[in-house]
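To start, the structure itself, in structure tokens.
No lab work stands behind these numbers, since they all come straight from the coordinates. Computed from a prediction, not measured in an experiment: that's the story for all the values here. Every residue, glycine among them, receives a Cβ derived from its backbone with ideal geometry; neighbour counts consider all protein chains shown.
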Amino acid sequence: MNCTVFGPVKITYFGHASILLEYNGMQIYVDPFVIGRMCRKADIILHTHSHHDHCVVPSAILSNKTQIISRGGKFPGMEMKIGEKIKISGIGIEAVHAYNINKPFHPKDFGAGYILSFPTPKAPVRIYIAGDTDLIPEMHDFKCDVAILPIGGTYTMNADEAAQALAILKPKAAIPCHYNYLEDTKADPNAFFTMAKTLAPATEVRILTP
């Protein structure tokens, strides 16, 4: 299955780092390098950074009402700074750090992760989309209910490091992404699942199959 539900939010994983969040009739695409065949038009497209496998605007999901929000994006739209918070139709969007520590691909401030806050009658549901990042110290300050983390290594955290991130973030649920689509991002999501069981036993790991 390529989708799951957490509270009022439906999460669909298309492959690589491409995610769709559906909430209250809204369609929020993140890094839509990969999309499904029958996708609805986007209300919001979020780009984590400008690399070609992330910063894409497919015509199939674009409308004259689509809002494009980026960190270092290539398309006209809203540019967010790290630490900036905005609200669209009641949904909070915060840009947070995403960068490499021991790799040259994503220097600090080049791109961003996002924490999206979806209103509910009780507490908001907070979904953290990490972007292309290593295990970084700023994660100690992030609060989320769901963490969507890269595990492919090479350009991002690997599965072991992503499990370590869960021990810091302590989300209720986690979804691995950014693996097994490009040749140099091979990873076993079950290894992430197993390591997470040890390091973050209270987190439910949901492996979505594109």
Next item on the list: Please report Ser117, Ser89 as a ranked list, fewest other C-beta atoms within 10 angstrom at the top and most at the bottom.
Entry: Ser89, Ser117
Check: Say the dipole of segment 3-205 comes from +1 at the beta carbon of Lys and Arg and -1 at that of Asp and Glu; which of Thr185, Val9, Gly83 then lies farthest toward its positive end?
Finding: Val9
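Where a ≥ b ≥ c are the square roots of the eigenvalues of the C-alpha gyration tensor, would you call segment 78-168 rounded, which needs a/c under 1.5, or, failing that, prolate if a/b is larger than b/c, or oblate?
Because a/c hits 1.5 or more and a/b fails to exceed b/c, segment 78-168 counts as oblate.
List the pairs from Lys10/Lys108; Lys74/Lys108; Lys74/Lys170 whose alpha-carbon separation is above 29 Å, in the order I gave them. Don't skip to the end; give the middle numbers.
Details: Lys10/Lys108 31 Å; Lys74/Lys108 18 Å; Lys74/Lys170 33 Å.
Pairs exceeding the cut-off: Lys10/Lys108; Lys74/Lys170.
Within a 10 angstrom radius of the beta carbon, how do Met78, Met157 rank from fewest other beta carbons to most?
Met78, Met157
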Margin query: Could you derive backbone 3J(HN,Hα) for segment 83-90 from the dihedral phi with the Karplus parameters 6.51, -1.76 and 1.60 (θ = phi - 60°), listing whole Hz in sequence and x where the residue is Gly or Pro?
Written below: x, 6, 10, 9, 9, 10, 6, x
Note to self: For a test of the definition: using alpha carbon positions, the gyration tensor, and the 1.5 limit on a/c, classify segment 3-205 as rounded, prolate or oblate.
What the structure shows: rounded
Note to self: Can you tell me, using C-alpha contacts under 8 Å and at least 6 residues apart, the relative contact order of segment 3-205 as a whole percent?
What the structure shows: 13
Next item on the list: Arrange Arg71, Arg37 by Cβ neighbour counts within 10 Å, fewest through most, would you?
Entry: Arg37, Arg71
